[in-house]
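These notes are about the structure you will find just below.
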Amino acid sequence: MVTRIDSLQKEDVFEDSWEITPKHFDPKFKERYQSKEYQYETIIDSKKQTAWDRFWKAIKDFFSRLFDFRDVDNTLSGFEIFMKIIAFIIIGFVIYLIVRLIINKEGQWVFSKNKKKIIVSEMVEENIHTIDFKEIIQHSKSNKEYRLTIRYYYLWLLKSLSDKEIIEWDIEKTNSDYLYEIQSPTLKENFKYLSYIYEYSWYGEFEINETDFSKAEKAFEKAIANT
């Protein structure tokens, strides 16, 4: 029985006598695939590009190099590091300006000299003839909101001029429009001066101290009483 198994094993053994020849790539095999049939990328002729296309391509290449951190094996030179830092600072500054412009609802810088925001209801201007200016002025004065109080005085002056039919009140009109409507030279000069005080304090966003406010208040009260 053992002899039979041994004979079967010998018969089943196959010895490979083929000679293996290694294959080698042709060193110039890439040249066979340089024709248009093997080009799968869109190549744009630089001569056909407009100046606008070349500009955006330069911008794209710049940011590609700026944010390309894949080549970590090569050490960046000092100049390249410096240029990347400058670029990041510029980008951050531009974003900062955009955010400031969006946040500011009045079109003025949020971080201006006057950080104290003064909110005035639009109802004051729209209902100028129904407002009790004495009451709201007393309230703003008690809170030492001098800029806001001067604004109320100016609107009160416009109301008085409108009641006397010296001007025609319209929320869309400017101070120059009202100045043109005033016929009296003396009143015109006073109105011009009070308009300057109002614009300087309100639109210029300059802080008004108690002394300056007291002088402005007397000028407004005198003008309102004489209209």
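The values are calculated or read from the model by the stated rules, or taken from the named source; none is laboratory data. Treat the numbers as computed from the prediction; the structure is a model and nothing was measured. Note that each Cβ is placed from the backbone with ideal geometry, even for glycine, and that neighbours are counted across all protein chains shown.
Below is a table of values for the structure above.
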item	result
Residue pairs meeting the criteria (Cβ under 6 Å; at least 6 apart or on separate chains; first touching a residue at least 40 places away in the same chain (Cβ under 8 Å), in the range 216-227; second surrounded by fewer than 16 Cβ atoms within 10 Å (Cβ to Cβ) and of a type outside the set (Val, Ile, Thr))	THR227/LYS164
Residue match in the range 203-211 (condition: within 25 Å of ASN143 (Cβ to Cβ) and surrounded by 14 or more Cβ atoms within 10 Å (Cβ to Cβ))	yes
Selection from the range 200-227 of residues that are of a type outside the set (Lys, Arg), out of contact with any Lys or Arg (no Cβ under 6 Å at 6 or more places or on another chain) and closer than 14 Å to LEU157 by Cα	ALA216, GLU217, ALA219, PHE220, GLU221, ALA223, ILE224, ALA225, ASN226
Residue list for the range 124-169, restricted to those being touching an Asp or Glu at 6+ places or on another chain (Cβ under 8 Å), without any contact (Cβ under 8 Å) to a residue 40 or more places away in the chain and not hydrophobic (A, V, I, L, M, F, W, C)	SER162, GLU168
The range 170-198, residues that are at pLDDT below 90 and surrounded by 12 or more Cβ atoms within 10 Å (Cβ to Cβ)	LYS173, ASN175
